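Undergrad: Mind having a look at this structure? Questions to follow.
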Amino acid sequence: MAFHATILTLYPEMFPGPLGVSLAGRALERGDAVIETRQIRDFGRGKHRAVDDTPAGGGAGMVLRADVLADAIDASSPAGDTRPRLLMSPRGRPLTQGFVRDLAAGEGALIVCGRFEGIDERIIEGRGLVEVSIGDYVLSGGEIAAMVLLDAVIRLLPGVMGNDLSGIHESFETPLLEHPHYTRPAEWEGRVIPPVLSSGDHGAVERWRRAEAERITRERRPDLIERDPE
Ligand code: SAH
């Protein structure tokens, strides 16, 4: 069964966007994944289909209304829809490869993209939304964050990556960052490929890659080793 994503957004024209090309694009073409968008404004209130209002308590910006979002969510999840409901949010749980893998093993996801100052807090509990962040910075909307999440999920779907083994050694599939890669030419601007890689000794190559992965992880992200000691 295809992975079915339903995106609630004020900018449906942003999708599939970059997901329409290359690996993800081919997965969408084959029907391994489906990205459906729903325009939140279709559920807006009044003649002008208002979706937002001023923040209670005052302050700058506008807040997406809980009632409007609830209508959009309810119209997008038929009875028996067990897909997780995600809200892209800088306050959310950090997006990790483990979470991506869990999503890819499931049926899909309903993803709410915020805009403006954010959304009325009550909708999070009211509709069981899980907040997910793609990093410690603030975007202008949840759409690009949703694309990041979907790109990571789609490449893990069965049959999407040409060589299924290529997923295994990558950064974050193990707690280590990936080892360096090289390809032809053997010498470029005076820089040579590490000789062990041309030795034909597969055991030595494996040991070198492992050592390099450990060195790079220790240098750049010691927190990954501490978080998940082997
Ligand atoms: N006022 C909010 C930021 C709102 S940004 C705050 O300070 O926390 C508008 C929308 O962009 C958010 O509702 C969310 O959907 C999305 N967004 C912004 N940064 C994000 C991030 N790091 N990860 C995921 N979504 C993000």
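The values are calculated or read from the model by the stated rules, or taken from the named source; none is laboratory data. Just so it is clear, the model here is predicted, and its values are computed rather than measured. Positions of Cβ are backbone-derived with ideal geometry, glycine not excepted, and every protein chain shown enters the neighbour counts. The accessibility values were calculated without ligands, DNA or RNA, using every heavy atom of the protein model including side chains. Shrake-Rupley method; radii C 1.70, N 1.55, O 1.52, S 1.80 Å.
Undergrad: Which one of these does Thr54 not meet: (1) among the β-branched types (Val, Ile, Thr); (2) in contact (Cβ under 8 Å) with a residue 12 or more places away in the chain; (3) within 16 Å of the ligand (Cβ to nearest atom)?
TA: Exception for Thr54: condition (2).
Undergrad: Among the candidates Arg184, Arg115, Arg91, Arg101, which residue alone is in a loop (DSSP other than H, G, I, E, B), open to solvent by 90 Å² or more (accessible area, probe 1.4 Å) and among the basic types (Lys, Arg)?
TA: After applying the criteria, what remains is Arg184.
Undergrad: Does Glu107 satisfy being under 30 Å from Val21 (Cα atoms), away from the ligand (no atom under 14 Å from the Cβ) and open to solvent by 30 Å² or more (accessible area, probe 1.4 Å)?
TA: Working: under 30 Å from Val21 (Cα atoms): yes; away from the ligand (no atom under 14 Å from the Cβ): yes; open to solvent by 30 Å² or more (accessible area, probe 1.4 Å): yes.
Taking the combined requirement at face value, the residue satisfies it.
Undergrad: With the condition kept exactly as written, say whether any residue in region 123-134 is open to solvent by 10 Å² or more (accessible area, probe 1.4 Å), among the charged types (D, E, K, R), near the ligand (Cβ under 9 Å from one of its atoms) and assigned to a loop (DSSP other than H, G, I, E, B).
TA: No, that holds for no residue.
Undergrad: Now for a separate question. Condition test on Arg209, is it open to solvent by less than 100 Å² (accessible area, probe 1.4 Å), within 16 Å of the ligand (Cβ to nearest atom) and either over 23 Å from Gly17 (Cβ atoms) or modelled with pLDDT under 95 (or both)?
TA: Taking the combined requirement at face value, the residue does not satisfy it.
Undergrad: Select from region 57-81 the residues that are loosely packed, with under 13 Cβ neighbours inside 10 Å and in a loop (DSSP other than H, G, I, E, B) and write down the one among them that is nearest to the ligand (Cβ to nearest atom).
TA: Filtering region 57-81 for residues that are loosely packed, with under 13 Cβ neighbours inside 10 Å and in a loop (DSSP other than H, G, I, E, B), the one nearest to the ligand (Cβ to nearest atom) comes out as Gly61.
Undergrad: Between a first residue in region 125-143 that is free of Cβ contacts under 8 Å to residues at least 40 places away in the same chain and a second residue that is within 8 Å of the ligand (Cβ to nearest atom), which pairs have beta carbons less than 8 Å apart while being 6 or more apart in sequence or on different chains?
TA: Filtered contacts from region 125-143: Ser140/Arg115.
Undergrad: Would it be correct to say that Ile144 is open to solvent by less than 40 Å² (accessible area, probe 1.4 Å) and within 27 Å of Gly61 (Cα to Cα)?
TA: no
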